[in-house]
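Trainee: Next up is a structure, given as structure tokens.
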Amino acid sequence: MEEKEKIISEIKKLRREIERHNYLYYVLSQPEISDAEYDALFYRLKELESKYPEFDDENSPTHRVGAEPAKEFPTVEHTTPLLSLDKATTYEEFLEFHNRVLKFVGANDLFQSVEYTATPKLDGLSIRLRYENGALMLGATRGDGFHGEDITQNIRTIRNLPHYLLDEAENLSIIEFRGEVVIHKNDFQRLNDELEANGEKKFVSARNAAAGSLRQLDPKITAKRPLRAYIYEILYCEGKDFKNHWEQLAFIRDVGLPVVPEAALCPSPEEVKRYFERAEKNRENLPFETDGVVIKVNDIALQEKMGLVSHHPRWAIAWKFSAEEVITTLIDVQWNVTRNGFVTPVAIMEPVFVAGATISRATLHNEDQIAKLGIKIGDKIVIRRAGDVIPEVIRPLPELRTGNERDIIFPKNCPVCGAPLFKLEDDIYRRCPNKSCPAVIAETIKHFVSRKAFDIEGIGDKQVETLLGAGLIRDAADLFLLKPEQLIPLERWGKKLAEKVVANIKARKKIPLDRFIYALGIPGVGSHLAEVLAHNFRSIDALKNASFDELVNINEIGPATAESIIKFFRDEHNERLLKKMKKLGIEIESPAEEATEQKPLAGKTFVFTGTLSSMSRSEAEKLVKKLGGKASSSVSKKTDFVVVGENPGSKYQKAIQLGIKILSEEEFFKFIEQFSNYNAR
Ligand code: IVH
């Protein structure tokens, strides 16, 4: 053997061996060698890799300490959508699900009971993993289910995830998994203690800590966080079929992945109930946070027969543990002013531990809700929190009153600027009319710098308040005028940090149109609609000049949003801000024309009419777009296909008149199915 080949072969053997020991240690908790022996293998590999950098590999176990920081996470399209789950909260609701399943079981099989798998529902972050020929090639967040973020470098730092699958999977060209990234409860405690000792901000829950750690741009920080992954689904596997989900779970374990623990086969709904009850009782004893149980039809053929509805499969359900309720005292009600000037009530409570976190604030929704609950300051109140949901006040306990309780007074004037509040007929909130209200300005700028908007690292809510307080900014555009010398005198800003933040701001002068639209904070326009608008108008000027008709003609824009957009751009204040930003050299990039030519539906226009039974119209349209086609809302000679659901409208008539090819829902999905392996990434 040639010298070089020998070295490659040794490197490869070392990597496999180290991965195997990682697996024995982290997944099976059955180490075969001592720490010292493990270290020896590791150092030998490191030595070879630094001596022969040409043989280095991102998947080498030596890379678990984290690669170089990224500027941003590229978006990836999911080849198989990462769907959500339907929910049940009681046994009755689970039985409704079971009855739906029975409808799909053939008459001949009715005497055979349906078998389910049950696993804990982990309260973490959903991820997708792709292994090619056994090697980890992609790790992504779930995102909106269709697109996520490429966080491969961060995923590679997770100790219990192998960079290479065990031999069983070596000749599988492509296999994709779905799982959850979590932080164990004891690790979470330790992490928070450490953060506190270093004077850093603690995380409010293990889930937030996992999410925050996984979305770090610097993988070296991620590498230091005690993340773990558990895998519960095979999303796609080329060249291998499975009969049932139980087999899939076994396969996940056999290829060396940490499979979701505590899985069970339940041959009847009663067994599922017993599993659920045990799981709810045993919740405290598990090392990770759980918020329910996931139940799936075991038989894959039956799963396929059942298929999907809008955003979730028909063959699985999440049966959630009941939300935790606790009693505390309402100390005060604060009135918050949102960036749209809405004045909303927030309950300030005696701190109380509920569903894994200490809570001292909760939403009181709105005035009507307060009146309906008949709640008073000083009341003992019941609050509820489920998983990551915002805690809410459920009801007061008037029987525990002492007589010292006070009524909640709704403010007549803005709690921040003092302007008299107003309320339109259909409004549920009072509103501050003052565009220059410090709260409105602060909230607008906080939104502007937030993650989905300009995403300015180093400028968060606190910094915005500081900058406003110091009179250094008066609107979002002023951020671009900041100089390091202005920041240095502020508390906690050293020279280095000041320079870095100013550089971060400058780096954001070039911004994609959809982010820019989102950053403007137009009422009713969230990140998704911002993307839709960017795609349709392609420049801020075109959007600014859009007519009501043009706006409502876009599928997802309703009349209220259209009005809101028009009103926004007519507002003098906003007009001035836009001009100012232009003058400051903010460069807005229009979305790239998608390279659609090679995609299977390139050049084809689809129109949908009527209700589809297996997914929403906008999801079907997404599918068409993903495959390179166009989805339009009106039929014309340029339309290639009209897909007709139930109760079709006039578009159907028009399609007949124009002689356009008409597809039933079934025909459409058959047609689309031939591209199901199409890799749109
Ligand atoms: S199965 C097609 N199993 O729950 C559905 N999901 O509410 C595939 N989750 O976003 C999901 N633990 O992130 C499944 N054992 C488990 C799970 C689990 C947690 C999450 C998952 C999903 C959410 C749905």
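Trainee: Taking the Cβ of each residue in Ser113, Ser613 as the centre, tally the other Cβ atoms inside 10 Å and list the residues starting with the fewest.
Mentor: Ser613, Ser113
Trainee: Would you calculate the volume per residue, in Å³, of the smallest convex hull containing every Cα atom of the chain?
Mentor: Roughly 217 Å³ of hull volume per residue.
Trainee: Based on the mean of other beta carbon atoms within 10 Å per residue, what is the order of 66-74, 153-161, 91-99, most packed first?
Mentor: In descending order of packing, they fall as 153-161, 91-99, 66-74.
Trainee: Kirkwood Rh, Cα Rg: Rg to Rh for segment 276-415?
Mentor: 1.12
Trainee: Follow-up question, since we're still on this one. If the rule is a partner Cβ under 4.7 Å, which cysteines in the chain fail it?
Mentor: By the Cβ distance rule, which asks for a partner under 4.7 Å, the isolated cysteines are Cys237, Cys266.
Trainee: Here's a follow-up. Taking the Cα centre of segment 218-336 as the origin, how large is its charge dipole in debye, to the nearest 20, when only Lys and Arg (+1) and Asp and Glu (-1) carry charge on their Cβ atoms?
Mentor: My answer is approximately 260 debye.
Trainee: Which GluC sites (Glu not before Pro) in segment 14-67 sit in a loop by DSSP (not H, G, I, E or B) and have at most 14 other Cβ atoms within 10 Å of their own Cβ?
Mentor: Passing both the DSSP loop test and the Cβ count: Glu32, Glu58.
Trainee: Put one equal scatterer on each alpha carbon of segment 1-94, apply the Debye formula with no solvent term, and list log10 I(q)/I(0) at q = 0.15 1/Å to two decimals.
Mentor: Normalising to I(0) and taking log10 leaves -0.79.
Trainee: Another question, if that's okay. Restricting attention to segment 529-619, which GluC sites (Glu not before Pro) occupy a DSSP loop and are surrounded by at most 15 other Cβ atoms within 10 Å?
Mentor: Filter output for segment 529-619: Glu556, Glu593, Glu594, Glu597.
Trainee: Just subtract the alpha-carbon distance of Ser322 and Gln189 from 0.36 nm times their residue separation and send over the number in nm, one decimal.
Mentor: Taking 0.36 nm per residue and subtracting the Cα distance, the gain is 45.5 nm.
Trainee: Now for a separate question. Please report Rg (one decimal) and Dmax (integer) in Å for the Cα set of segment 482-553.
Mentor: Cα radius of gyration and Dmax of segment 482-553 are 17.4, 52 Å respectively.
Trainee: Structure shown: which of Lys567/Lys637; Lys240/Lys670; Lys243/Lys670 lie over 27 Å apart, alpha-carbon to alpha-carbon?
Mentor: Lys567/Lys637, as the Cα separations exceed 27 Å there.
Trainee: Here's a follow-up. Just the number, please: percent antiparallel of the DSSP beta bridges in segment 161-309, rounded to the nearest 5.
Mentor: Taking every DSSP beta bridge with both residues in segment 161-309, the antiparallel ones total about 90 percent.
Trainee: If I take R0 = 56 Å and measure r between the Cβ atoms of Leu658 and Leu286 in this structure, what FRET efficiency does the formula 1/(1 + (r/R0)^6) give, to the nearest 0.05?
Mentor: So, using R0 = 56 Å, E works out to roughly 0.40.
Trainee: Please state the charge dipole magnitude for segment 236-282, taken about the Cα centre, from unit charges on C-beta atoms (+1 on K and R, -1 on D and E), reported in debye and rounded to the nearest 20.
Mentor: Using Cβ point charges on Lys, Arg, Asp and Glu, segment 236-282 gives about 120 debye.
Trainee: Taking segment 587-679, which trypsin sites (Lys or Arg not before Pro) meet the DSSP loop condition and have no more than 12 other C-beta atoms within 10 Å?
Mentor: Lys637, Lys638
Trainee: FRET efficiency for Leu28 and Leu490, Cβ-Cβ distance as r, R0 = 45 Å, nearest 0.05?
Mentor: Rounded to the nearest 0.05, the efficiency is 0.30.
Trainee: Using just the helices of the chain, give the 222 nm mean residue ellipticity in deg cm²/dmol: DSSP H runs with n ≥ 4 each add -39,500 (n - 2.57), and the total is spread over all residues, rounded to 500.
Mentor: Computed mean residue ellipticity for the chain: -10500 deg cm²/dmol.
Trainee: Also: Here is the link list: Lys71/Lys220; Lys506/Lys599; Lys412/Lys579; Lys452/Lys580. Which ones come out longer than 25 Å on Cα distance?
Mentor: Cα-Cα > 25 Å for Lys506/Lys599; Lys412/Lys579; rest within.
Trainee: Let me ask something additional. For the pair Ile174 and Lys220, what calculated FRET efficiency results from E = 1/(1 + (r/R0)^6), where r is the Cβ-Cβ distance and R0 = 35 Å, to the nearest 0.05?
Mentor: After rounding to 0.05, the efficiency reads 0.75.
Trainee: Which percent, nearest 5, of DSSP beta bridges in the chain are antiparallel?
Mentor: So the antiparallel bridges amount to about 80 percent of the total.
Trainee: Any idea what log10 I(q)/I(0) is at q = 0.15 Å⁻¹ for segment 543-681, Debye with uniform C-alpha scatterers and no solvent?
Mentor: Debye intensities relative to I(0), on a log10 scale: -0.87.
Rule-based calculations on the coordinates, nothing more; no lab input. Note that the structure is a prediction, hence the values are computed from the model and not measured. Neighbour counts run over all protein chains shown; Cβ positions are idealised from the backbone, glycine included.
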